[in-house]
Amino acid sequence: MVEKKIMVDLSHINKKGFFEALDIVPKNIPVAVTHTGVSGVYEIWRNIDDEQIKAIANTGGTVGVIYCPRFLTNTSTTCSVDKIIDHFAHIIKVAGEDVPTLGSDYDGLINLPREFKDITYQPILVQKMLDRGWSDERIKKILGLNFLRVIKGVAP
């Protein structure tokens, strides 16, 4: 993947495989987890833990927070958009604001938080970040600058 300039995405891999992949990827290549939740907010088999968040950060990579309620909180049907922001906040606490990004996974197969009907409701997420006092720069990083930086690092 690295030789072909394909971004390494560790979203669907167990913890052992996650670290085995990181051992193979050259240290100067950023790696992503494009859609996940974090165990520091809600512990479930699919979410990544603080060690994994730090490992991604150490590559210069990014972690995208999924919008699917069953990975954000203990419900499978819906939740507040605030839960997405809780996951961003945990990533920032663990690894800094250069790591979190959107990981929406808009594929039509997941339930979305109750304030979302589709992508046009994205401004609600931005407003809630502003309500938490987050800077415009932090929000811009989360909305796409972090992900764009990683893509440039993979295929300059």
query = Can you tell me which residues in the stretch 60-89 are in a loop (DSSP other than H, G, I, E, B), out of contact with any helix residue (DSSP H, G or I) (no Cβ under 7 Å at 6 or more places or on another chain) and closer than 22 Å to Asp9 by Cβ?
reply = Ile66, Cys68
inquiry  = Against the definition (assigned to a helix (DSSP H, G or I), surrounded by 12 or more Cβ atoms within 10 Å (Cβ to Cβ), of a type outside the set (Gly, Ala, Ser) and touching a helix residue (DSSP H, G or I) at 6+ places or on another chain (Cβ under 8 Å)), how does Leu125 come out, yes or no?
reply    = yes
inquiry  = I want to confirm something. Restricting to the stretch 14-25 and keeping residues that are outside any loop (DSSP other than H, G, I, E, B) and hydrophobic (A, V, I, L, M, F, W, C), which single residue is surrounded by the most Cβ atoms within 10 Å (Cβ to Cβ)?
reply    = Phe18
inquiry  = Which pairs turn up if I take residues in the stretch 1-16 that are under 15 Å from Val33 (Cβ atoms) and among the aliphatic types (A, V, I, L, M) and look for partners that are open to solvent by 80 Å² or more (accessible area, probe 1.4 Å) and part of a loop (DSSP other than H, G, I, E, B) with beta carbon separation below 9 Å, at least 6 apart in sequence or on another chain?
reply    = Met7/Met1; Val8/Met1
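Residues of the stretch 130-154 being over 19 Å from Asp105 (Cβ atoms), of a type outside the set (Asp, Glu) and not in a loop (DSSP other than H, G, I, E, B), which ones?
Pass one, the stretch 130-154, residues over 19 Å from Asp105 (Cβ atoms): 130-141, 145, 149, 152-154.
The next check asks that each one be of a type outside the set (Asp, Glu); those that pass are 130, 132-135, 138-141, 145, 149, 152-154.
Answer for the stretch 130-154, where residues must be over 19 Å from Asp105 (Cβ atoms), of a type outside the set (Asp, Glu) and not in a loop (DSSP other than H, G, I, E, B): Leu130, Arg138, Ile139, Lys140, Lys141, Leu145, Arg149, Lys152, Gly153, Val154.
Across the stretch 31-45, which residue is surrounded by the fewest Cβ atoms within 10 Å (Cβ to Cβ) among those that are of a type outside the set (Ser, Thr, Tyr) and touching a helix residue (DSSP H, G or I) at 6+ places or on another chain (Cβ under 7 Å)? Step through it out loud before you land on a result.
In the first step, residues of the stretch 31-45 are kept if they are of a type outside the set (Ser, Thr, Tyr); the result is 31-33, 35, 37-38, 40-41, 43-45.
Filter once more, so that each one left must be touching a helix residue (DSSP H, G or I) at 6+ places or on another chain (Cβ under 7 Å): 31-33, 37-38, 40-41, 44.
Details: Val31: 26, Ala32: 25, Val33: 29, Gly37: 28, Val38: 27, Gly40: 18, Val41: 19, Ile44: 13.
Looking at residues that are of a type outside the set (Ser, Thr, Tyr) and touching a helix residue (DSSP H, G or I) at 6+ places or on another chain (Cβ under 7 Å), I get Ile44.
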ask   = Quick one: is Ile92 modelled with pLDDT of 95 or more, closer than 29 Å to Pro26 by Cβ, assigned to a helix (DSSP H, G or I) and of a type in the set (Val, Ile, Thr)?
value = yes
query = Residues of the stretch 128-156 being touching a residue at least 24 places away in the same chain (Cβ under 8 Å), farther than 27 Å from Val8 by Cβ and open to solvent by less than 70 Å² (accessible area, probe 1.4 Å), which ones?
reply = Lys128, Met129
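So for the stretch 46-55 (the condition being modelled with pLDDT under 95, open to solvent by less than 50 Å² (accessible area, probe 1.4 Å) and either assigned to a loop (DSSP other than H, G, I, E, B) or among the acidic types (Asp, Glu) (or both)), does at least one residue qualify? So that I can check it myself, show each step before the final result.
At the first step, the residues of the stretch 46-55 found to be modelled with pLDDT under 95 are 46.
If we keep only those that are open to solvent by less than 50 Å² (accessible area, probe 1.4 Å) too, we end up with 46.
Still in the list and also either assigned to a loop (DSSP other than H, G, I, E, B) or among the acidic types (Asp, Glu) (or both): 46.
Checked against the condition, which is being modelled with pLDDT under 95, open to solvent by less than 50 Å² (accessible area, probe 1.4 Å) and either assigned to a loop (DSSP other than H, G, I, E, B) or among the acidic types (Asp, Glu) (or both), the stretch 46-55 yields at least one hit.
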query = Only one of (1) closer than 30 Å to Lys27 by Cα; (2) assigned to a helix (DSSP H, G or I) is not met by Thr101, so which one is it?
reply = (2)
task = Could you tell me which numbered condition Asn28 fails, if it satisfies all but one of (1) open to solvent by 10 Å² or more (accessible area, probe 1.4 Å); (2) out of contact with any Gly (no Cβ under 9 Å at 6 or more places or on another chain); (3) in a loop (DSSP other than H, G, I, E, B); (4) not small (Gly, Ala, Ser)?
result = (2)
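The values are calculated or read from the model by the stated rules, or taken from the named source; none is laboratory data. Please read these numbers as outputs of a predicted model, since none were measured by experiment. Positions of Cβ are generated from backbone atoms using ideal geometry, with glycine treated the same way; all protein chains shown enter the neighbour counts. These area figures cover heavy atoms from the full protein model, side chains too; ligands, DNA and RNA do not enter into them. Shrake-Rupley method; radii C 1.70, N 1.55, O 1.52, S 1.80 Å.
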